[in-house]
1. Report, by residue number, each residue of the stretch 46-67 that is surrounded by 20 or more Cβ atoms within 10 Å (Cβ to Cβ) and either of a type in the set (Ser, Thr, Tyr) or part of a loop (DSSP other than H, G, I, E, B) (or both).
2. Do we have any residue at all in the stretch 14-32 that's under 15 Å from Val106 (Cα atoms) and either assigned to a strand (DSSP E or B) or modelled with pLDDT of 95 or more (or both)?
3. If the Cβ limit is 7 Å and pairs must be 6+ apart or interchain, which residue in the stretch 44-69 that is within 11 Å of Tyr82 (Cα to Cα) pairs with which residue that is surrounded by fewer than 13 Cβ atoms within 10 Å (Cβ to Cβ)?
4. Let me spell it out: the conditions are (1) modelled with pLDDT of 90 or more; (2) not in a helix (DSSP H, G or I), and Asp97 meets all of them except one. Which number is the exception?
5. Please tell me if Lys70 is more than 30 Å from Lys22 (Cβ to Cβ), over 14 Å from the mean Cα position of the chain (by Cα) and in a loop (DSSP other than H, G, I, E, B).
6. Scan the stretch 70-84 residue by residue and report those that are surrounded by 15 or more Cβ atoms within 10 Å (Cβ to Cβ) and touching a residue at least 24 places away in the same chain (Cβ under 8 Å).
7. May I ask you to list the residues in the stretch 33-87 that are of a type in the set (D, E, K, R) and either within 28 Å of Thr101 (Cβ to Cβ) or touching a Gly at 6+ places or on another chain (Cβ under 6 Å) (or both)?
8. Do we find a residue being assigned to a helix (DSSP H, G or I) and of a type in the set (Lys, Arg) anywhere in the stretch 36-45?
Amino acid sequence: MKLSGCLTIIILVSIYIFPQEKTEQDIDVAYQNAKKGVYWALSNIPGKKMKLENDLIAEDKLYSSVKIFKEVNGVKVVSIGYHQTNEVQIIIYKSYDILKTEGYNVPISGLEGE
């Protein structure tokens, strides 16, 4: 009787743990795709445009939707990463000074506060 009770508990616990692990993995992949969008955006800061939007697509899959907004003394990046039915959104703001010290190519017009 104790054995069947223990097996029942183990089965019930495993039923709840495995879907959570799958969801966790899916969210992690969506987060990684959102980060790829952030890195792409920081490497492609527009020179004259105030706003730039792009989708990162590979192998007919949408990995990330990215928007770059030029703000006063910096840029705001909104990146949405996708994986299956999951979405993760990252929003960051970086000043031009920080971007320059981190080694990113900052357009000269961006430093002037265009």
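The values are calculated or read from the model by the stated rules, or taken from the named source; none is laboratory data. None of these values were measured; they are calculated from a predicted model. Every residue, glycine among them, receives a Cβ derived from its backbone with ideal geometry; neighbour counts consider all protein chains shown.
1. Correct list: Tyr63, Ser64, Ser65.
2. Within the stretch 14-32, the subset under 15 Å from Val106 (Cα atoms) is none.
Taking every residue of the stretch 14-32 in turn, none turns out to be under 15 Å from Val106 (Cα atoms) and either assigned to a strand (DSSP E or B) or modelled with pLDDT of 95 or more (or both).
3. The qualifying pairs are Leu62/Asp55; Tyr63/Ile57; Ser65/Asp55.
4. (2)
5. On the way: more than 30 Å from Lys22 (Cβ to Cβ): yes; over 14 Å from the mean Cα position of the chain (by Cα): yes; in a loop (DSSP other than H, G, I, E, B): no.
So Lys70 fails the test.
6. Lys70, Gly74, Val75, Val77, Ser79, Ile80, Gly81, Tyr82, His83
7. Going through the stretch 33-87, the residues of a type in the set (D, E, K, R) turn out to be 35-36, 48-49, 51, 53, 55, 59-61, 67, 70-71, 76, 87.
Hits for the stretch 33-87 are Lys35, Lys36, Lys48, Lys49, Lys51, Glu53, Lys67, Lys70, Glu71, Lys76.
8. Restricting attention to the stretch 36-45, the residues satisfying the condition of being assigned to a helix (DSSP H, G or I) are 36-43.
From what is left, the residues that are of a type in the set (Lys, Arg) are 36.
Yes - at least one qualifying residue is present in the stretch 36-45.
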